[in-house]
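Below: one structure, written as structure tokens.
The values are calculated or read from the model by the stated rules, or taken from the named source; none is laboratory data. Keep in mind that this is a model prediction, so the values were computed, not measured. A quick note on method: Cβ atoms are made from the backbone with ideal geometry, for glycine too, and the neighbour counts reach across all protein chains shown.
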Ligand code: NAD
């Protein structure tokens, strides 16, 4: 058995702190910031994510509307709805829940959202601004991780950061945010040679892969801060599905600090979406 030493970086207290600032900023605006979410079909994970975001939005004083459209909705119909929401001055944030059904081109849809209302931060204008060091609306999971690190007083500037995973949703924007915060950043991925040698260099290791327990204790520098973004469903010894991260539990015996799964990064993502909605509202002309 490995002795547990790592400090546990629990998500809920950090998310609550972020949500408190969201509520205070929202209350200072002349009208409540308004988020509109669109989902197609009834994929259970998407239904539950959208429901969670909708509930939290209302709790902190935002207005939230959900358009639950049939899975057969055409791309043209979806684009027409987005055009309507773009033109509607009472709408501050637009989120189209991914994944979309295969007959809809995700890129076409994400590019159609007005960048000023793009609270997911996936529009190329916002991606470009982030990489240019002028972030405005940044993807929620990595931006939420930056808040979590600062909430727990963990250093970023001058740290050697390694991110495992290069997705548009997590890995790449995480790299940009850490770079903007003066970390020295390496991005590893499925083609990286000798992953363990790369991850062992990290003072700050972010695992965003989607492979249960890929990061083992021998891959972690003693005392490192480890952020586990992975959400994997695995069958436990009791033959029931459990959620587990990309980081092996024994890493707790080597790392200095570690986010749990569940209850680590997950809560930060929703809180950051609502923070982005308030940011969008603050930057849009008053109605
Ligand atoms: P993705 O599938 O788009 O990307 C995975 C990345 O991992 C790829 O860039 C790939 O190159 C890399 N990879 C795959 N196998 C690898 C290997 N063996 N070694 C090194 N790199 C490898 O996934 P994503 O959308 O970035 O999500 C990653 C994980 O994070 C998933 O488990 C997902 O469910 C989770 N996630 C969690 C949250 C949250 O709020 N907590 C948000 C988004 C994603």
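Checked against (1) within 16 Å of the ligand (Cβ to nearest atom); (2) at pLDDT 95 or above; (3) outside any helix (DSSP H, G or I), residue 233 passes all but condition (2). Against the test of being touching a helix residue (DSSP H, G or I) at 6+ places or on another chain (Cβ under 6 Å) and more than 14 Å from the ligand (Cβ to nearest atom), the options 161, 183 yield a single qualifying residue, 161. Of the residues making up segment 237-287, those that are in a loop (DSSP other than H, G, I, E, B) and within 17 Å of the chain's Cα centre (by Cα) number 8.
For segment 186-222, enumerate the residues that are outside any loop (DSSP other than H, G, I, E, B), more than 9 Å from the ligand (Cβ to nearest atom) and surrounded by fewer than 21 Cβ atoms within 10 Å (Cβ to Cβ). Correct list: 186, 196, 197, 198, 217, 218. Of the numbered criteria (1) closer than 24 Å to residue 244 by Cα; (2) in contact with a strand residue (DSSP E or B) (Cβ under 8 Å, 6 or more places away or on another chain), the one residue 185 fails is (1). For segment 41-60, the tally of residues that are under 15 Å from residue 98 (Cα atoms), in contact with a helix residue (DSSP H, G or I) (Cβ under 7 Å, 6 or more places away or on another chain) and outside any helix (DSSP H, G or I) stands at 0. Inspect all residues belonging to segment 133-141 and state whether any of them is away from the ligand (no atom under 13 Å from the Cβ), farther than 24 Å from residue 96 by Cβ and surrounded by 24 or more Cβ atoms within 10 Å (Cβ to Cβ). No, segment 133-141 contains no residue that is away from the ligand (no atom under 13 Å from the Cβ), farther than 24 Å from residue 96 by Cβ and surrounded by 24 or more Cβ atoms within 10 Å (Cβ to Cβ).
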